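Accompanying notes for the structure given below.
The values are calculated or read from the model by the stated rules, or taken from the named source; none is laboratory data. What you are looking at is a predicted structure, and each value in this text was computed from that prediction instead of being measured. All Cβ positions, glycine included, derive from the backbone under ideal geometry; neighbour counts span all protein chains shown. The protein model used for the area step is the full one, side chains on, heavy atoms only, and it has no ligands, DNA or RNA in it. Shrake-Rupley method; radii C 1.70, N 1.55, O 1.52, S 1.80 Å.
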Amino acid sequence: MKKDEKEYLTLGEVAEILGINKTTLRHYNREGLIEFERDAENNYRYYHKNQINNFRIILNFRKVGFSIEEIKEIKIYFINKNYNKIIEKIDEKINEFQNEMENIQKNMEILKEHKKYTTCLNEIIEVDPEYILADKETKSFSRKDEEIFTTKNIDGKLYGVLCVDGKISDRKAVEYLYKKIEENNYIEDGDLSIEVTNPFGELSKEKSKIKIYKIPIKHLTCQQVTGLE
């Protein structure tokens, strides 16, 4: 090269400095994002050292989600010193990410609700393996329309747990819960709580709900069983 070779870098040297491969650098060449000078003697591409920072800006825009076409626009704004337009493009991307984050958060909540629902089904099936009915002809599934009572240790405390279809009234469910507690020689030992779980949360139909009634319980003493206490 006739110019000062100390001020220029080869394609391989630039790729090494930036931590990218030569193919990526050539791609940006073809897209017009970066410029090079061709040596007429050996046909090699050379890049001025001053371009390194420009390359880094381009790579960073790509890393945060800007398309090549968007970066081309931003490059023109830089050349024309139209920084307000660059700010607008950045604000658009921030809003886009904000919407994506909100959708991700919403989907996470839906999946958490479905996990809760599936966990509930798993606990019910341990009590009644036939709770989920499978129709081999239609390859469909349905739930039994009945109440399932069990006891469960939660954080070191014993609970009476009743799982019912979402259509059953709270009054009827609570009456059944206390009946099962009494039948199994327990008494309540704390406050009742009610949870509602849906497969895929708000995406589900009302009839898919399962209501879970939980209350701390303890075993009846001999005196309480005989009525002497």
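Tell me yes or no: at least one residue of region 75-87 is open to solvent by less than 70 Å² (accessible area, probe 1.4 Å) and either among the aromatic types (F, W, Y) or touching a Leu at 6+ places or on another chain (Cβ under 6 Å) (or both).
Initially, region 75-87 is screened for residues open to solvent by less than 70 Å² (accessible area, probe 1.4 Å), giving 75, 77, 82, 86.
Then keep just the ones that are either among the aromatic types (F, W, Y) or touching a Leu at 6+ places or on another chain (Cβ under 6 Å) (or both); that gives 77.
Within region 75-87 (the criterion being open to solvent by less than 70 Å² (accessible area, probe 1.4 Å) and either among the aromatic types (F, W, Y) or touching a Leu at 6+ places or on another chain (Cβ under 6 Å) (or both)), the answer is yes, since at least one residue qualifies.
Mind listing whichever residues of region 209-229 are touching a helix residue (DSSP H, G or I) at 6+ places or on another chain (Cβ under 9 Å) and modelled with pLDDT under 70?
Result: L228, E229.
Among what's in region 140-154 and is within 19 Å of Y178 (Cβ to Cβ) and part of a strand (DSSP E or B), pick the residue that is most open to solvent (accessible area, probe 1.4 Å).
Of all residues in region 140-154, those within 19 Å of Y178 (Cβ to Cβ) come to 146-152, 154.
Next, only the ones that are part of a strand (DSSP E or B) stay: 148-152, 154.
Numbers: I148: 10, F149: 31, T150: 42, T151: 55, K152: 75, I154: 40 Å².
So, considering only residues that are within 19 Å of Y178 (Cβ to Cβ) and part of a strand (DSSP E or B), the one most open to solvent (accessible area, probe 1.4 Å) is K152.
Please work out which residue is least open to solvent (accessible area, probe 1.4 Å), limiting yourself to region 30-72 and to residues that are among the polar types (S, T, N, Q) and part of a loop (DSSP other than H, G, I, E, B). Can you show your working first?
Narrowing region 30-72 to residues among the polar types (S, T, N, Q): 42-43, 50-51, 53-54, 60, 67.
Now restrict to residues that are part of a loop (DSSP other than H, G, I, E, B): 42-43, 67.
Details: N42: 63, N43: 95, S67: 45 Å².
Per the stated criteria, the residue is S67.
State yes or no: is E100 touching a residue at least 40 places away in the same chain (Cβ under 8 Å), closer than 30 Å to F200 by Cα, of a type in the set (D, E, K, R) and part of a helix (DSSP H, G or I)?
Values: touching a residue at least 40 places away in the same chain (Cβ under 8 Å): no; closer than 30 Å to F200 by Cα: yes; of a type in the set (D, E, K, R): yes; part of a helix (DSSP H, G or I): yes.
Criteria not met by E100.
Is there a residue being modelled with pLDDT under 95 and part of a loop (DSSP other than H, G, I, E, B) anywhere in region 170-183?
No; the residues of region 170-183 include none that is modelled with pLDDT under 95 and part of a loop (DSSP other than H, G, I, E, B).
Determine which single condition E137 fails, assuming it passes every other condition in (1) exposed (fewer than 11 other Cβ atoms within 10 Å of the Cβ); (2) over 30 Å from V164 (Cα atoms); (3) modelled with pLDDT under 85.
So E137 meets the others, but not (2).
Mind checking which pairs have a first residue in region 155-168 that is basic (K, R) and surrounded by fewer than 17 Cβ atoms within 10 Å (Cβ to Cβ) and a second that is assigned to a strand (DSSP E or B) and modelled with pLDDT of 90 or more, Cβ under 7 Å, 6 or more apart or different chains?
K157/P216
I'd like to verify a number: residues in region 1-21 that are in a loop (DSSP other than H, G, I, E, B), modelled with pLDDT of 90 or more and surrounded by 13 or more Cβ atoms within 10 Å (Cβ to Cβ), how many? Steps first, please.
Going residue by residue through region 1-21, those that are in a loop (DSSP other than H, G, I, E, B) are 1-4, 19-21.
Within this subset, residues satisfying the condition of being modelled with pLDDT of 90 or more are 19-21.
Checking which are surrounded by 13 or more Cβ atoms within 10 Å (Cβ to Cβ) leaves us with 20.
Number satisfying all stated conditions: 1.
Quick one: T24 ticks every box in (1) surrounded by fewer than 16 Cβ atoms within 10 Å (Cβ to Cβ); (2) touching a residue at least 24 places away in the same chain (Cβ under 8 Å) bar one, so which box is it?
All conditions are met except number (2).
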